[in-house]
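Enquirer: The structure follows.
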Protein chains: 2
Amino acid sequence: MREAYHVQLDELADQLADMCSQVANAMEYATQALLEADLELAEQVIGDDTKIDDARSSCEEQAYALLALQAPVATDLRTVLAAIHAAESLERMGDLALHVAKGARRRHPHRVLPDQVADYFQEMGKVTVRMARQAEQVIRGKDVDSARELESDDDEVDDLHRHLFTVLMDRDWPHGVATAVDVTLLGRFYERFADHAVSVGRRVVFMVTGKMPGYEHDDV
Amino acid sequence: MREAYHVQLDELADQLADMCSQVANAMEYATQALLEADLELAEQVIGDDTKIDDARSSCEEQAYALLALQAPVATDLRTVLAAIHAAESLERMGDLALHVAKGARRRHPHRVLPDQVADYFQEMGKVTVRMARQAEQVIRGKDVDSARELESDDDEVDDLHRHLFTVLMDRDWPHGVATAVDVTLLGRFYERFADHAVSVGRRVVFMVTGKMPGYEHDDV
């Protein structure tokens, strides 16, 4: 039974790693769609979101089967529950990429972002996509150390997000209120995506080590 | 064992109902703090948030104990997992009330909200607090019908949120960009709180009936 448990857990981990890759792609394409007002790419992200939702359902079913058939206790039980939570965060990351893509679509053929803030989004996009790929590596390589890098990447996104707000709050912001509202919400989507990536990292570290990392993140 | 399972499940349901009451209070006080620039009340909500986090941990521990000791399968298993998800949503609702309170504190002694939009927040506050109390009633009274009301309340919050945006996007918005940014984020906190309340309602209906309600909500 321990054998079967580990085989099923490995399958579940593989599914989570696939989800990481899916949400990394979604955020990469959504960011490109946003920066380049690329409607086709935005539509692709929007259309693909149901695949991420399906992957989450599939992870949950796999986890339920594992709980029902193996009835794990103690650390094994918590490991499966960590996977369920990770799948939930990953679905939410997919939703946030979807929101970015919808933002790009809503203003098409215009660009949503004034040049003044485009670089912030380029950079937030780069770092958040890297985080999702890093989470994938943590799972596939059982590479716990690289989970730590998620923390520093999250700090980087928080810094970018804070700077973005100082640009917005500047009395001389020349792009009007409607654009400021768009930029505010879009910025938040990246910041939340990064928070969830950290949370996924923590859960998968637990899956690999049986211990929850001691570091804290800002779950805001 | 079925007996013990039901006793433990009832205890878990009681804890979830208590959490509903906590987050309802948090959102009620946070809204009042926001509307009246009441620093003391804002601080109270901010200080009390750890109690909600603790309540969530306690729910999870109770759920883990139930899984480990009773090893439920099929619907019983899904019921316990629904409770774990509900506790997570409730903690998040507490975080959102916390963000509202922090928004009030950040601008103190000034009010964050111009008179032009204060009514929207008063109303969104009223409806979202009602939703959290409704979720409590669904659990305590095993009152599945009233879970349906959560859906129409959520629609009401979405409508208010949409109207708020048309006010913000109006070319004649006279309150500047910084205030618009504050209002944008605060509006989103209420909208997300309502979404999570619907999600909690669906989970607890599942806990009571063993069936997931067929209606859909916008998990955006």
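Read the figures in this text as sums done on the coordinates, not as results from a lab. In this text the structure is predicted, and so the values were computed from the model without any measurement. As a convention, Cβ positions derive from the backbone with ideal geometry for all residues, glycine included, and neighbour counts pool all protein chains shown.
Enquirer: Between B:Leu39 and A:Asp155, how many nm apart are label points set 7 Å from Cα along the C-beta direction?
Expert: With each label placed 7 Å out from Cα toward Cβ, I get 3.1 nm.
Enquirer: Less than 10 Å Cβ to Cβ from A:Ala24, Lys/Arg counted +1 and Asp/Glu -1: what total charge do the surrounding residues give?
Expert: 0
Enquirer: Given the C-alpha centroids of region A:21-59 and region B:8-38, what is the distance between them in whole angstrom?
Expert: 35
Enquirer: Right, here's the next one. Enter the angle in degrees (range 0 to 90, nearest 10) between the Cα long axis of helix A:145-169 and the first principal axis of the Cα atoms of chain A, meaning the one along which they spread out most.
Expert: 20
Enquirer: OK, next. Measure nothing but the geometry: give the 0 to 90° angle between the long axis through the Cα atoms of A:115-140 and the longest principal axis through the Cα atoms of chain A, rounded to 10°.
Expert: 10
Enquirer: Let me ask another. For the protein assembly as shown, what class follows from the C-alpha gyration tensor (a ≥ b ≥ c being the square roots of its eigenvalues): rounded when a/c is under 1.5, otherwise prolate if a/b is larger than b/c, else oblate? Intermediate results must be reported in sequence, preceding the final value.
Expert: Details: a/c = 1.88, a/b = 1.26, b/c = 1.50.
Oblate, because a/c is 1.5 or more while a/b does not exceed b/c.
Enquirer: Looking only at Cα atoms, what is the convex hull volume of chain B per residue, in Å³?
Expert: Taking the convex hull of the Cα positions in chain B, it is 103 Å³ per residue.
Enquirer: Place a point 7 Å from the Cα of A:Arg106 along the Cα-to-Cβ direction; which residues of region B:161-180 have their backbone N under 16 Å from it?
Expert: B:161-171, B:180
Enquirer: Moving on to the next point. In peptide A:64-70, how many Cβ atoms from other protein chains are near each Cβ within 10 Å, on average?
Expert: 3
Enquirer: Rounded to the nearest 0.05, what FRET efficiency do A:Met169 and A:Asp119 have when you use their Cβ-Cβ distance and R0 = 22 Å?
Expert: E between A:Met169 and A:Asp119, to the nearest 0.05, is 0.80.
Enquirer: Next question. What angle do you read, to the nearest 10 degrees and between 0 and 90, between the alpha-carbon axis of helix A:74-107 and the longest principal axis of chain A?
Expert: Helix A:74-107 sits at roughly 20 degrees to that axis.
Enquirer: If you take each beta carbon of peptide B:172-180 and count the beta carbons of other chains within 10 angstrom, what is the mean?
Expert: 5
Enquirer: Let me ask you something else. Which GluC sites (Glu not before Pro) in region B:135-220 sit in a loop by DSSP (not H, G, I, E or B) and have at most 13 other Cβ atoms within 10 Å of their own Cβ?
Expert: B:Glu216
Enquirer: Would region B:1-68 count as rounded, prolate or oblate if I go by the C-alpha gyration tensor, calling it rounded below 1.5 in a/c and otherwise prolate when a/b exceeds b/c, oblate otherwise?
Expert: Prolate, because a/c is 1.5 or more and a/b exceeds b/c.
Enquirer: Right, something else. As an exercise, identify the trypsin sites (Lys or Arg not before Pro) in region B:112-188 lying in DSSP coil whose Cβ has no more than 16 other Cβ atoms within 10 Å. Show your work: numbers first, answer last.
Expert: Values: sites: B:Lys126, B:Arg130, B:Arg133, B:Arg140, B:Lys142, B:Arg148, B:Arg162, B:Arg171, B:Arg188; in loops: B:Lys142, B:Arg171.
Of the trypsin sites (Lys or Arg not before Pro), the ones in loops of region B:112-188 whose Cβ has at most 16 other Cβ atoms within 10 Å are B:Lys142, B:Arg171.
Enquirer: Report relative contact order for region B:2-209 in percent, whole number only (criteria: Cα-Cα under 8 Å, sequence separation at least 6).
Expert: 31 percent.
Enquirer: For every helix of n ≥ 4 consecutive DSSP H residues, a contribution of -39,500 (n - 2.57) applies; sum these over the protein assembly as shown, divide by its total residues, and give [θ] at 222 nm rounded to the nearest 500 deg cm²/dmol.
Expert: It comes out at -30500 deg cm²/dmol, rounded to the nearest 500.
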